[in-house]
Every structure is written in structure tokens, then in C-alpha cells.
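Student: Mind having a look at this structure? Questions to follow.
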Amino acid sequence: MMQSALSALFWRELQLARSVGGGGAMGVVFFLILVSLTPFAIGPDLNLLSRIGPAILWIAALLATLLGLDRLFQSDADDGSLDLLLTAATPLELVVLVKCVAHWIATALPLIVASPLLGLTLAMEPASLAGISLSLLAGTPALTMLGAIGAALTAGLRRGGLLMAVLILPLTTPVLIFGVSAATAASGGTVPFHIPILILCGLSLAAVAGAPFAAAAALRSRDA
Amino acid sequence: MLKYANPTNFLALAARLIPWLAAATALLLIVGLYLTFFVAPDDYQQGASVKIMYLHVPSAWLSMMCYIIMTSAALGTIVWRHPLADAAQKAAAPLGAAFTLLCLVSGSLWGKPMWGTWWVWDARLTSVLVLFLIYLGLVGLWRTIEEPAQAARAAAILTLVGVVNIPIIKFSVDWWNTLHQPASVFRVGGPAISGSMLWTLLIMALGFSFLFLTLHLMAIRNEILRRRLRRLSIDAAHAEEKAEATA
Amino acid sequence: MNQQFALTSLSARSVSVDRGGRAIVKNIHFELRAGEALVALGRNGAGKSTLLRAIAGFLPLSGGELTHAGEASEAPLPELCHYVGHADGLKSALTASENLEFWARMLATPSSGESLAPSQALHRMGLKRLADFPVAYLSAGQKRRVALARLFVSPRPLWILDEPATALDVASQEILGEAFARHRASGGMIIAATHAPLGLIDAAVLDLSATDAGAIGNA
């Protein structure tokens, strides 16, 4: 019964991500725009761009992931679905986790797929391209889960979008550090690739395990 | 002309035109591709990779032509509030995005053997990329606003704001003379490329234009039908309400 | 129609609810048994919605307690109730039947009571032919009826309804009244904040604006 409820939720979330204003697709476009804007600011020097490419891609991925997340619980809070989810027999923690998994598939996975193509425009080497995809694959679950906490804290608040970014961005510092370090380690450097990538996996696993409890607690304590 | 501004008359016209346009498109593209691969010579510097040009240049032309068509439709929406103009605008946006993407990808494939890199941030490439992003934004806007007339007005405003970008693309080569090749067909003093290459390019460009025209007419037709379906559905939903109320 | 419902009684003792540091609901008492209904009355701002949301478990009680007894008294009260509030809980991009099928699976309970398939529930609310329209195309009253159809897709003993008749036409109100009677006949409970005559004439009345003590009387 609980599996049936969770799979219904999962497919509904994917369907909504596809239909409402192309929420998932919009994340990739935002990612693309952020990456394209950077050379305007830095200049078209390909040597410089290829050196800081992983950093550009990671910051863009971070912002693009957080951008879509503020709607994660907000739309459910607005239309009353969140109240009803509280009356379901399924634990709210699992509901949060399933919503995050669906959100990750709809928004973060397209970013990971697009990242090597955008890396090409930054003249990154093949090893570095593989590095950036792998590091995003390992690190974006942590971003989604941390963002879910922020989304839960700001659900039901007006103008919550910016507040959520302010709350969550400082918490994403470790993910950014090890993500960029893994991506640059892939194309040579003093740190072996597996160290930052394993730390990144650890961060993601910890976030997947812990964040649903924090987000569910935030949703329950919402004064609505 | 005004007669065909009526959506019903337009549908009749489109039904008659589309088969002919599709046939012309196929013919032109077959001839164009034949010329590209078997007649047009390899470049003495670029070798066979110059053939990408016959795909790249027409799609670049169309990426801009599509925006011009969209701008005229946007004016039609703003000034006359005509539903056909709305449909023409909406149908053009994804087509424009597709041709612009084709232009970017073919340029990138051409650039790899020419410059040794997939991408350079020169002014022309970058402004085409910006055009692509504007198209994507328009597609997103269309998909987000539920009410068609409201979406059309919003998209028309965005289109007219974005139209500033078209002259920048056209003249960016003259403004910033960078890595990219200067325009060679329409420059003063006659074309710089040889006769068979020019013919091939012109036929391919014509073929692409017909392809665009065919797809655009089909998409407008779909959009008109989609709007009718939506209106009928809403009417049916309301009729249902009345029927139940009296029952 | 005479299956066993999981709740035999629900009682509130000195229930109070605070919002923003202010006591909105003060010292409420009531006692409901299987098959009974309670109608909360009061002027705007008297705390009807707040009380209903607190019973459904969306707001914490600042004082007093709610106790329920019955077969499933192990389960927390929110999982035994259907809540229909001002927001319909519907996604406008999905069709009426997609919305309802989702809630049927999400709100499913282990209880063995009678429940309808989503298509039958829509049929009962007179929405059979609108099942495949996106909710965005429906009128306010039709959306409300889709929301009310949730009551039938999963058997839950306690219905908590906040102004359920809003935007409903007379025919739909009659359908709803019949559904209330059927639910109560089979042992269900209803707590509603409503002014519409919904077949709850014999219900106990809780007048929230009358006194702080939350007097109970009969209509």
C-alpha cells in the first residue's frame, strides 16, 4: 500500500515537472544561460576558460538546482495538497524523499547530461569533461536534498524564493569545494580523483539520509 | 490576403499548399545535397569539411529569417490582436530554436577541424547563442502561460524587445572582426566563392526556406486546431455543468 | 452499508489553539460518537477553520487534548480523517481522474470499509463526463466536486469539512447531503464548518463566537 502511494507520488511529480511550464527543461536553459554569460564577464580567452571551466559549471549547476527547488513544496502548500499529504498514512519523510528523487531526475539529471556539451564551449579536455559529469552525478543529490530543507522551511511564505537561497547556499559550501576539486583532479593535479569524489558521494549519502527528517520536521511545524 | 487572415480560410489554404510545398522542399533538398556531395569542389585549404557550410549557412540565414517572421507576427498580435498572428508567432519559436541549434552545432563541427576547437567565443557565434537563448525563453513563455491570448501578448513584447539582437548578429562581423570568417556572399564587389559553390549554397538555402515554410504552415495549422480543441473542451465542460443543473 | 468503522468516539477536552501568539480557539469541549455530526458555527474569524485544522493535525494544540477510541485507535487521528478545506488540493495540469487516482492511492488506508473506484466517485459527484478534462478547464464548483469525490475513494471514519458547500449548486448540495447521511448511517463522523443545510440538521452545534467555553447545543 505504501509502495503504491509512493509510486503514485513519484509519477505524478515527474508528470508535473514535464507539464507545468516545462519546469525541468527551464533548469537546463538557466544552466546554459549562466554558463554562456560567464565568458562575457571574463573574456573569450580559451586557456583561461578551460582552466576555470569546472568552477563555472559547478556554480551554474548549484544555482540552477536551487532555482527550481523553491517550488518543491510551495505549489503543494498553495493548492492544499500539502495538508492532504500530512493526512496520508505514508510517513512525511518518505514523501519528501520521493519528491526529491523525482525532482532530481527532472532537473539535475538533464544538467548532468548537458554539462559535457557546455564544457566543450569552455574548451575543457575530455578527461575534465568526464570529471565534471561524474562529480555532478555524485554531488547534485546533496544539493537537491539540502535545497529541499530550504524549500520546506520557506513553504507557505511569500517571497520565500530568495530567502531559501540565502538559507541554503552557505550550507552547500562543502559540496562546491569537493565538486570542483574532483572535476579539476580528473584532468591532472596533485589530488587523486578518487578522494574528492568519495567525499562527495559521502556528502550526498548523508544528505539523502538526513535531509528528509529535517525537511519533514520543517513542513510539520509550518504555521498554516 | 485579408481573406486568408480568417483561420478557417487559412486552414483551407494550408491544406492545399502544404503538399506542394513539401514536394518542392524535398526536390530542392535532394538537388542541393546532390550538388553538395558530388558537384561542389572541396576547398583547397579546408578539404571536404567545407561541405558543412551548405548546412551551416542556410540554417544561420533561417535562424534570422524566422525571427523576422516572428517579429511581423508579434506586430500583428499587438496592433490587430489577430489570432492567426498569435498562432504564427507560437509556431515560429520552436522552429527558430531548432534552426539556430542546427546552425550552432554545424558551426561547432566545422570549427573543430578549422580552428582546432569546438567553440570560440567570438562575437558572431556568441550572438547566435544569445539568439538561441531568446528562442528558448520564448518557448518557455509560451509553455508557461495557460491562456493563449495572454501568452501571445507577452511573447510579442518579448519578441519585439529581442529584435534588437538581429542587427547585432548581422553586422557583428563588421564590428568585431575576429576569428570567424567575414561574410562572403553579400559583400560589396560580388560574391567571393566560386560558381558551383554559390549555386549549391543558393539551392540549399532555398530548400531550407521551403522546409521552414512547410513546417511553419503545418505548425500554425496545428496551433489553430489546438486552440479550437481547447475552446471546445471548455465549452463542453460548461455545457456539462448546465445539463447537470437542469437534470 | 453496515460495515465496521474504526472510530467509536472522538472527544475534545478544553482544546485551545494559538496562532501568532493569540489564542484563536479557547477551551473547546465536544464529544462525538460513531454516526454523529458536529457543525461549527461562528462569525468570520471566530476560529472555525483553525479548530478544524487543529483536529486534522495541521496545527498543534496549545492546550487540552483530543482523544479517539475505536478499533484503529492506534493510528494517529490525521490518518483517520478526510480533510476538505478551502484549497482543493488539485493540480490544474492534470485531469480530474488523474488527480483523484493519485489521492486514492496516497490516502489509501488498511481499513476494510467500502470505497469507490475514482471513476465511480466522479460519477457519484456528477462529473463522469468531465473526468478526462484538465482541472484547469473546470469551474470553481466543478473543482470543489472533484475535491469532495476524495471522500469516497478511501474509507476514513472522520470527515472534516471546511465550508464544503462553497461554489456548489443546489443539485450538488443534495448529492453531498445524501453522502453525509450514508456516511453517518454506516458509522462515520462528520465535523463541518458550514451554513448550508446539508442534511446535518440533527447535528450538534458548536458555536465558537458565543462563549469562551464553547457551549454545545442542538440546532
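Student: Scale the Cα Rg of the protein assembly as shown by the rule-of-thumb value 2.2 N^0.38 Å and send over the ratio, two decimals.
Tutor: On the way: Rg = 30.9 Å, N = 690, 2.2 N^0.38 = 26.4 Å.
Dividing the Cα Rg of the protein assembly as shown by 2.2 N^0.38 Å gives 1.17.
Student: Per residue of A:206-216, how many C-beta atoms from partner chains lie within 10 Å of its own C-beta, taken as a mean? It would help to have the intermediate numbers written out before the result.
Tutor: Working: counts 0, 0, 0, 0, 0, 0, 0, 0, 0, 0, 0.
The shielding value for this peptide is 0.
Student: Let's see if you can work this out: charge +1 on each Lys and Arg Cβ, -1 on each Asp and Glu Cβ, no other charges. What is the dipole magnitude of chain A about its Cα centre, in debye to the nearest 20?
Tutor: Values: 9 positive and 10 negative charges, 8 e Å.
In total the dipole reaches around 40 debye.
Student: Follow-up. Would you mind giving the mean number of other chain beta-carbons within 10 Å of the Cβ of each residue in C:87-96, as a whole number?
Tutor: Details: counts 9, 4, 8, 3, 9, 4, 7, 5, 0, 1.
For this peptide, the per-residue mean of nearby foreign Cβ atoms is 5.
Student: Next question. How much accessible surface area, in Å² rounded to 10, belongs to the heavy atoms of A:Phe40 with a 1.4 Å probe?
Tutor: It works out to around 110 Å².
Student: From the C-alpha coordinates alone, can you work out the Kirkwood hydrodynamic radius of the range A:2-220, in Å? Mind showing how you got there, number by number?
Tutor: On the way: mean 1/r = 0.0565 Å⁻¹.
About 17.7 Å for the range A:2-220.
Student: Let me ask something else. Would you mind calculating the relative contact order of chain A from Cα pairs under 8 angstrom and at least 6 residues apart, reporting the percent as a whole number? Numbers along the way, then the final one.
Tutor: On the way: 287 pairs, mean separation 58.3, N = 224.
Relative contact order, chain A: 26 percent.
Student: Considering chain C as a Gaussian network with a 10 Å cut-off on Cα pairs, which listed residue, C:Leu52, C:Leu138, C:Leu122, attains the greatest mean-square fluctuation?
Tutor: Highest fluctuation among the options: C:Leu138.
Student: Kindly report, to the nearest 10 Å², the accessible surface of A:Ser115 as traced by a 1.4 Å probe over protein heavy atoms only.
Tutor: 0
Student: Leaving ligands and nucleic acids out of the surface, order C:Glu98, C:Glu178 by accessible area at 1.4 Å, largest first.
Tutor: Details: C:Glu98 65, C:Glu178 110 Å².
The ranking, largest first, comes out as C:Glu178, C:Glu98.
Student: Let me ask you something else. Putting +1 on Lys and Arg Cβ atoms and -1 on Asp and Glu Cβ atoms, find which of B:Ile69, C:Phe133, A:Leu167 reaches farthest to the positive end of the dipole of the protein assembly as shown.
Tutor: My answer, from the dipole projection, is B:Ile69.
Student: At 1.4 Å probe size, with no ligands or nucleic acids counted, give the accessible surface of B:Lys90 in Å², nearest ten.
Tutor: 60
Student: Does chain C come out rounded, prolate or oblate by the C-alpha gyration tensor, with a ≥ b ≥ c the root eigenvalues, rounded set by a/c under 1.5 and, if not, prolate when a/b is larger than b/c and oblate if not? Numbers along the way, then the final one.
Tutor: Working: a/c = 1.69, a/b = 1.45, b/c = 1.17.
Prolate, because a/c is 1.5 or more and a/b exceeds b/c.
Student: Go ahead and estimate [θ] at 222 nm for the protein assembly as shown from helices alone: -39,500 (n - 2.57) per DSSP H run with n ≥ 4, summed, over the residue count, rounded to 500.
Tutor: -20500 deg cm²/dmol
Student: Another question about this same structure. If I model a spin label at A:Phe213 and A:Ala55 as a point 7 Å from the Cα along the Cα→Cβ vector, what separation in nanometres do I get?
Tutor: With each label placed 7 Å out from Cα toward Cβ, I get 3.7 nm.
Student: Here's a follow-up. Going by amide H atoms built from the backbone, whose H comes under 5 Å of the H on C:Trp159, apart from near neighbours?
Tutor: For C:Trp159, the qualifying residues are C:His82, C:Met189, C:Ile190, C:Ile191.
Student: Now, a different point. How much accessible area per residue does the range C:10-218 have, in Å², with a 1.4 Å probe?
Tutor: Values: 8100 Å² over 209 residues.
Heavy-atom accessible area per residue stands at 39 Å².
Student: Mind telling me which of A:Val96, A:Val175, A:Val29 comes out most flexible in a GNM of chain A, alpha-carbon contacts under 10 Å?
Tutor: A:Val29
Student: In the range B:80-128, what residues drop by 40 Å² or more in accessible surface going from the chain by itself to the full protein assembly, probe 1.4 Å?
Tutor: B:Trp118, B:Trp119, B:Trp121
Student: For chain A, which longest stretch is free of loop sites, where a loop site is one of the trypsin sites (Lys or Arg not before Pro) that DSSP puts outside H, G, I, E and B and that has at most 10 other Cβ atoms within 10 Å?
Tutor: Values: sites that count: A:Arg158, A:Arg159.
My reading of the result: A:1-157 is the longest stretch.
Student: Here's something else I'd like to know. May I ask for the net charge around A:Leu14, where only other residues with Cβ less than 13 Å from the Cβ of A:Leu14 are counted and Lys, Arg are +1 while Asp, Glu are -1?
Tutor: On the way: positive: A:Arg12, A:Arg18, A:Lys99, C:Lys91; negative: A:Glu13, C:Glu98.
Neighbourhood net charge equals +2.
Student: Give me the accessible area buried between chains C and A, both sides summed, with a 1.4 Å probe, in Å² rounded to the nearest 100. Numbers along the way, then the final one.
Tutor: Values: alone 10470 and 10860 Å², together 18920 Å².
The summed interface area works out to 2400 Å².
Student: Once you place label points 7 Å from the Cα toward the Cβ at A:Ser4 and B:Ser72, how far apart are they in nm?
Tutor: Distance between the two pseudo-spin positions: 5.8 nm.
Student: Of A:Ala186, A:Ala114, A:Ala89, which is the most mobile in a GNM of chain A whose springs link Cα atoms less than 10 angstrom apart?
Tutor: Between A:Ala186, A:Ala114, A:Ala89, it is A:Ala89 that shows the largest mean-square fluctuation.
Student: Using the Karplus curve 6.51 cos²θ - 1.76 cosθ + 1.60 with θ = phi - 60°, what ³J(HN,Hα) values do you get for each residue of the range B:73-84, in whole Hz, with x for Gly and Pro?
Tutor: Once θ is set to phi - 60°, the couplings for the range B:73-84 become 5, 5, 4, x, 5, 6, 7, 9, 6, 8, x, 5 Hz.
Student: For the ranges B:13-19, C:58-64, C:147-153, what's the packing order if you count other beta-carbon atoms within 10 Å of each residue, average per peptide, and put the highest first? Each step should come with its number before you reach the end.
Tutor: On the way: B:13-19: 12.9, C:58-64: 17.0, C:147-153: 25.0.
So the order, starting with the most tightly packed, is C:147-153, C:58-64, B:13-19.
Student: So which of B:Lys51/B:Lys112; C:Lys26/C:Lys48; C:Lys91/C:Lys143; B:Lys90/C:Lys91 end up more than 19 Å apart, counting from Cα to Cα?
Tutor: Working: B:Lys51/B:Lys112 14 Å; C:Lys26/C:Lys48 11 Å; C:Lys91/C:Lys143 10 Å; B:Lys90/C:Lys91 25 Å.
Over 19 Å Cα-Cα: B:Lys90/C:Lys91.
The values are calculated or read from the model by the stated rules, or taken from the named source; none is laboratory data. It should be emphasised that the depicted structure is a prediction, and the values quoted were computed from it without experimental measurement. Note that each Cβ is placed from the backbone with ideal geometry, even for glycine, and that neighbours are counted across all protein chains shown. To get the accessible areas, we keep the full protein, side chains included, count just its heavy atoms, and leave off ligands, DNA and RNA. Shrake-Rupley method; radii C 1.70, N 1.55, O 1.52, S 1.80 Å.
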